[in-house]
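Read the structure below first, then the notes.
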Amino acid sequence: MQIPSRFSIAIHICLCVEFFNQDSEFNKHRDKKHCKKVTGEALAESVGVNSVIVRNILALLKNAGLVSIFRGSKGAKLAKNAKDISLLDIFYAVESTPKNKDFLKSEAKSKEGIHKESVYTQEKTGYTLFRFHTNPNLLCPLGKNIHSLLDSHFIKAQRVLEEYLASVKLSDLLKKLQK
């Protein structure tokens, strides 16, 4: 399993937005020598990617209500306090899988009646990290039972990951940066 790099890039962007913004909560009682305008170009330089990638991810973060973006060279800032933004919030913002769906298992038989298409999504918490092949053979003893064998394990693994990501806040990462 591999989670796309846009997740780590989005975390990096959010951390930069708070770290470099002189008016941020993080910098309230700190020396502000490191502060600068948080523009797309400045973010791209820190992250080490093209500014187009940064702008695309910033748009996703903005749509999720995590950052505010100002026209021109005014840059960006967090739309919420860093202690109120979790890694799970950032994950939901940048991953393209549908979220907030009720647990769903729908079955549709193929024309030949030997394949079953199943769709399952995480129950009410977010995304489906584990994707199934869509047409297991119903005539095969394993194929017709593959979902009943694996669904609960996949859901449990996803819940554990989501709970952990929800427990880690941007402010926790910024505190580690101070050390």
>> If E45 satisfies all but one of (1) open to solvent by less than 50 Å² (accessible area, probe 1.4 Å); (2) part of a helix (DSSP H, G or I); (3) not aliphatic (A, V, I, L, M), what's the number of the condition it fails?
In response: (1)
> Which of the residues belonging to segment 136-174 are in a helix (DSSP H, G or I), free of Cβ contacts under 8 Å to residues at least 24 places away in the same chain and hydrophobic (A, V, I, L, M, F, W, C)?
Replying inline: I146, L149, L150, V160
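Are any of the residues in segment 7-28 closer than 27 Å to V160 by Cα, within 13 Å of the chain's Cα centre (by Cα) and open to solvent by 50 Å² or more (accessible area, probe 1.4 Å)?
Start the filter on segment 7-28 by keeping residues that are closer than 27 Å to V160 by Cα, which leaves 7-15.
Pick out the ones that are also within 13 Å of the chain's Cα centre (by Cα) and you get 7-14.
Cutting the leftovers down to open to solvent by 50 Å² or more (accessible area, probe 1.4 Å) gives us 8, 12.
Yes - at least one qualifying residue is present in segment 7-28.
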> Would segment 25-48 turn up any residue that is touching a residue at least 12 places away in the same chain (Cβ under 8 Å) and among the basic types (K, R)?
Replying inline: yes
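Which residues, counting only those in segment 68-91, are outside any helix (DSSP H, G or I) and farther than 14 Å from V168 by Cα?
Let us first name the residues in segment 68-91 that are outside any helix (DSSP H, G or I), namely 68-71, 75-81, 85-86.
Answer for segment 68-91, where residues must be outside any helix (DSSP H, G or I) and farther than 14 Å from V168 by Cα: S68, I69, F70, R71, G75, A76, K77, L78, A79, K80.
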>> With the requirement that a residue be within 30 Å of V160 (Cβ to Cβ), hydrophobic (A, V, I, L, M, F, W, C) and buried (at least 19 other Cβ atoms within 10 Å of the Cβ), what does segment 61-98 give you?
In response: L61, L66, V67, L78, A82, I85, L87, L88, I90, F91, A93, V94
> Of all the residues that make up segment 140-179, how many are open to solvent by less than 30 Å² (accessible area, probe 1.4 Å) and within 16 Å of S86 (Cβ to Cβ)?
Replying inline: 7
>> If a residue must be open to solvent by less than 60 Å² (accessible area, probe 1.4 Å) and not hydroxyl-bearing (S, T, Y), how many such residues does segment 29-39 contain?
In response: 3
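The values are calculated or read from the model by the stated rules, or taken from the named source; none is laboratory data. None of the values given here were measured: they were computed from a predicted structure. Neighbour counts are summed over all protein chains in view; Cβ atoms, including those assigned to glycine, are modelled from backbone coordinates with ideal geometry. Remember, those area values only see protein heavy atoms, side chains included, never the ligands or the DNA or RNA. Shrake-Rupley method; radii C 1.70, N 1.55, O 1.52, S 1.80 Å.
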